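Inspection log for the structure reproduced underneath, given as C-alpha cells.
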Amino acid sequence: MSNIEKTAETSSEPNAAVTTQHPRRITIDPITRLEGHGKIEVFLDEQGNVSKAYFQVPELRGFEKFAEGRPAEDMPQITSRICGVCPTAHHMAATKALDALYQVTPPPAARKIRELFYSTFMTEDHALHFYFLGGPDFIVGPQAPAAERNVLGVIAKVGIEVGKKVIEMRRKLRELMALVGGKAAHPVLGLPGGVAKRVTADDQKQFQQVAAQAVDFAQFTLATFESVVLKNSDYVQLICSEMFTHRTYYLGLMDEGNRVNFYDGSLRVVSPEGKEYAKFRPEQYLDYVAEHVEPWSYIKFAFLKPLGWKGFVDGPESSIYCVAPLARLNAAEAMATPLAQDAYQKFFATLGGKPVHHTLANHWARVIELLYAAERMKELADDPEIIDPNVRTLPTAKPKEGIGVVEAPRGTLIHHYQTDERGIITKANLIVATQNNAARIAMSVEKAARGLITRGNVSEGVLNMVEMAFRAYDPCHGCATHSLPGSMPLLLRVHEPSGNVVATLRRDFDGKIQRT
Amino acid sequence: MEKSSGHNEPVMAARVRVLCLGNELLADDAFGHVVADRLVSELSRNAGEESPAATAPADIEVIKSSLAGLGLLDELTGVSRLIVVDSVQTGNAPPGTLHILLEDELRTPAGPSPHYFGIFESLGLVRRLGLPAPEEVIILAVETADCTTLGGNMHPAVLAAIPKVVQRVAEVAASLPRKAAS
C-alpha cells in the first residue's frame, strides 16, 4: 500500500442530499440544476401518464466569447482541445474554415492527405465505438443485466482475441495518424491552404499496408454484426420498435454523386419520405439551419430554417432533422466504395427501404461507414498523387469570413469564423453534432418515458430504456468528459400536475439506483 | 499530451506515473494540468538537491492529457503504479474538497452516452485483455464548481487545493523504495 489511504477528506459516498437540497422546487430552473448530472424531469397528467418529459445535461458554454480576439489560425489547435473525444474532427473543420477565410485552395496532394488522415481517424473511431461503446447495447444485448452491459461483457461475448484485434488495429491506425499528424491526440496537420507535412513513399507503403488490414478488419466487423445482431430476431424487433422510431429529416455531407463523404462536399437534406429537400454548399448553412431555444435547456435545438420551428414533432409536419451514421446513409443515394455499397443496399433491403427511421439502426450504419472509411483510406493510400511534395498554397488574400464543415463520427460539424483584416476573430459560431441532433434526442427521451411510465408507475428499468434511446446518438454533452468517474449520474424526477415531486430515481457514481 | 521526467535518469519504464487529466480551457477542469506543472517543477528541484551517487529517487513520470476514456488506453499501461489527478463533480461536497480513492472503491455504471466511457472502463478493458496494467491505481480528484465554461476562471477553493495534491503525490514518491545506483 502507498502512503495514500482513503482519508477523512474523502466524501465519495453519494447520498440523497442532492434531491433534498431543494425540497420545494417545483419549477425547472436550468441555472440551479445540479452540474454533472443528466436530469430528466417528467410531468404527469391527471391520470398519472406522461404529459411532458425534459432531458437536461451539462453543456459546454462560452465558445463564442472564448474565440473572440484570438487569431483564427490558432483555431485548429485550440478547438481540437475542447473535446476529449473527437479532437480530430474539430481540427479538420477548423482547418477547412481557415481555407475559406483566407480564400485559398489546397493543392491536390494536400487535400488527399487530409482526407487520408481523416479516413484513418474515422476508421479508428467507428471501430472502437462499435465494439466498446455501442457494444454493451448490441453485442451484449439490451435485455442483459445492467452489470454485464459494459465493455467486459462485450469481451466476454466476442472473445479476448477479438478484443486484442481491435486494440491492435487501433494502435496501427493511431501510429499512422501520428506519422502525418505529428500527434494522434491533437494533430498539427492542417494549415490554411494545405498541410504541414507531406507523405513520403515510405509513409505511403505503411498506409497501404494498414489500409488493407483495415478493410479486412471492417469486413470481419460487419460479419460479427450480422451474426450477433441480425440473426437475433429480438434485436431486429427492438431496432424496428416504435419506441425507438422518429420520422424526421436527415442531413449529411455528400460528394457530387450524392455519396457519403466525411471530408468534403455539399450538405444534402432528405425529407421523412426520403425525397431530397435541399442541397447546399456549407457556406449557405445559415439559410437552412436555425437554432431554437427552450427555457429548460442550455442546448440550442437545430431545425430547418425554411420550415420554421414547429415544436418537438416528427412526421410530415416536422422541421426537425438529425445527423450521424444513420442520417448520412439516409441522406445519401449510395456509398462511394464497392464493399460499403453492398452493405448499404442490404441495410435498406433488410429494414424496409429508405429512409430508415429507427434510431437504433445507427449502430449498423456505423459499421457500414467503418467499411467505407477503410476502403476510402485504401483508395487514397494507393493514389500516386498522395506523395506529391507540393502540399501547400500560401494564402495571400485578406481574411474576412470562413465556414468549414466535416462529418464528425457523430455527425455534421460546422465551424464559422469572422475576422478583422489581421485575422483576429470578431465572431465565431460552432454547431456540433449533438446540437443538430438535440431536438430528436429530446423526442426520443420523451417517447421512452411515455412508453415506460403509466398511471404513475415508475419502474427502475425506465432509466436503462431512456438511456438506450439516446446512447445510439452518442451525444456530446459538455466536453469535460474526462472528469471522473467517466460515467454521468442520472436523475429522474416525476412531477404531479401540481408540480410536486412524486418519485425520484437517481443512479449514482457507484451505479446504484436510489429511489426516494 | 506532454511528458516530463522528474529527473535526469536514462530512459527506462517509469514505476510511477502521475496522469494529470483535465482541460486548460475549461475553468476548474484545468486543475489536473496545473498540478502537473507544479509537480514537474517540484520534482526537478528535489532531484537537483539530492546526491545522485548512492541512490536515485523512484522513477516518476508526469503526464498531462485532455483525452477521455478509450483515448487514455496508452497512458494506462506499462507502469506499475498509477496516480490519477482529475476533477470530479459528485455534487455532495463543496468545491475544493479532495477525494482520495483506490480504484476498487469507485464502481461505475455503464454511462448514459459512450462519451462517458471513463478511465475505469478503460482500465477494466486493459486488464481483461491482458495488457500490462498497473498493480495499483490511486485517484486524487478535486471537487469542482464549473467544468463547462470555455475560458472560465478556476474557483478559489479549487485553486487552493493544488498544493495539497502536489504534496500528496510527493509523499507517495518519497515512500517508494529507492533503487540502487547502477
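Quick note: the coordinates plus some simple rules give every number you see, no bench work behind them. These figures come from a predicted structure and were not determined experimentally. Using ideal geometry, Cβ is built from the backbone for each residue, glycine included, and neighbour counts are taken over all protein chains shown.
Angle of helix A:338-350 to the longest C-alpha principal axis of chain A, folded into 0 to 90 degrees and rounded to 10: 30°. If the viscosity is 1.306 mPa s and the temperature 10 °C, what translational diffusion coefficient in µm²/s does Stokes-Einstein give for segment A:264-374 when Rh comes from Kirkwood over Cα pairs? Taking Rh from Cα pairs, D becomes 105 µm²/s.
Under the shape rule built on the C-alpha gyration tensor, where the axes satisfy a ≥ b ≥ c, segment A:217-276 is oblate, since a/c reaches at least 1.5 while a/b does not exceed b/c.
Here's how it looks for A:Ala278: its modeled amide H is under 5 Å from those of A:Val269, which are all 5 or more places away or on a different chain. If you model segment A:144-284 as an ellipsoid using its alpha carbon gyration tensor, with each semi-axis the square root of five times an eigenvalue, the axes come out at 32, 29, 14 Å, biggest first.
Helix A:87-101 and the long axis of chain A differ in direction by around 50°, with both axes built from C-alpha atoms.
Shape of segment A:332-477 from its Cα gyration tensor (a ≥ b ≥ c, root eigenvalues): rounded if a/c is under 1.5, otherwise prolate when a/b > b/c, or oblate?
oblate
What whole number of Å gives the distance from the Cα centroid of segment B:60-88 to the Cα centroid of segment A:309-365? Comparing the Cα centres of segment A:309-365 and segment B:60-88, I get a distance of 38 Å. Inter-chain Cβ neighbour count for B:94-103, averaged per residue, equals 4 (cutoff 10 Å, partner chain atoms only). Given Cα pairs under 8 Å that are at least 6 residues apart, what percent is the relative contact order of segment A:114-214? Computed over segment A:114-214, the figure is 25 percent. Label reach from A:Ala397 (point 7 Å along Cα→C-beta): in segment A:91-110, amide nitrogens under 18 Å belong to A:94-108.
Taking only C-alpha pairs under 8 Å that are 6+ residues apart, what is the relative contact order of segment A:397-476 in percent? Don't skip to the end; give the middle numbers.
Numbers: 103 pairs, mean separation 18.8, N = 80.
Over segment A:397-476, the number comes to 24 percent.
Note on chain A: helix-only mean residue ellipticity at 222 nm, from DSSP H runs of 4+ residues weighted -39500 (n - 2.57) and normalised by residue number, equals -11500 deg cm²/dmol. Averaged over peptide B:145-158, the number of partner chain Cβ atoms lying within 10 Å of each residue's Cβ comes to 4. Distance between the modelled labels on A:Glu385 and A:Thr454, one decimal in nanometres: 6.0 nm (7 Å Cα→Cβ projection).
Among A:Thr412, B:Thr148, A:Thr88, A:Thr426, a tally of other beta-carbon atoms within 10 Å of each Cβ gives an order, fewest to most, of A:Thr426, B:Thr148, A:Thr88, A:Thr412.
Taking the number of Cβ atoms within 10 Å of each Cβ as an exposure proxy, the fewest-first ranking of A:Met92, A:Met75 is A:Met75, A:Met92.
Relative contact order, percent, of segment A:159-213 when contacts are C-alpha pairs under 8 Å separated by at least 6 residues? Display every interim value, and only then the final one.
Working: 27 pairs, mean separation 13.5, N = 55.
RCO, segment A:159-213: 25 percent.
Starting with the fewest neighbours, write out A:Ser459, A:Ser444 ranked by other beta-carbon atoms found within 10 Å of each beta-carbon. Please report the intermediate quantities before stating the final value.
Details: A:Ser459 12, A:Ser444 24.
Fewest-to-most Cβ neighbours within 10 Å comes out as A:Ser459, A:Ser444.
Given all pairs of different Cα atoms, what value in angstroms does the Kirkwood hydrodynamic radius of chain A take?
Roughly 23.9 Å, rounded to one decimal.
Peptide B:125-138 shows a mean partner chain C-beta count of 3 within 10 Å per residue C-beta.
Residue by residue, segment A:183-193 carries 3J(HN,Hα) couplings of 9, 6, 6, 10, x, 10, 8, x, 10, x, x Hz when phi is fed to the Karplus relation 6.51 cos²θ - 1.76 cosθ + 1.60 (θ = phi - 60°); x denotes Gly or Pro. Residue ranges A:285-298, B:18-31, A:181-194, A:224-237 sort as B:18-31, A:181-194, A:285-298, A:224-237 when ordered by packing (mean number of other C-beta atoms within 10 Å per residue, highest first).
Remark: for residue pairs A:Lys65/A:Lys447; A:Lys164/A:Lys346; A:Lys300/A:Lys447; A:Lys305/A:Lys398; A:Lys112/A:Lys205, the C-alpha separation exceeds 25 Å in A:Lys65/A:Lys447; A:Lys164/A:Lys346; A:Lys305/A:Lys398. Listed by chain and number, the lysines placed with their C-alpha closer than 19 angstrom to that of B:Lys164 are A:Lys6, B:Lys64; residues fewer than eight positions away on the same chain are left out.
Helix A:160-181: angle to the longest alpha-carbon principal axis of chain A, degrees 0 to 90, nearest 10? For A:160-181 against chain A, the angle is about 50 degrees. In order along segment B:126-133, the phi-based Karplus estimate (6.51 cos²θ - 1.76 cosθ + 1.60, θ = phi - 60°) of 3J(HN,Hα) comes to 4, 5, 5, 8, x, 6, x, 8 Hz; Gly and Pro are listed as x.
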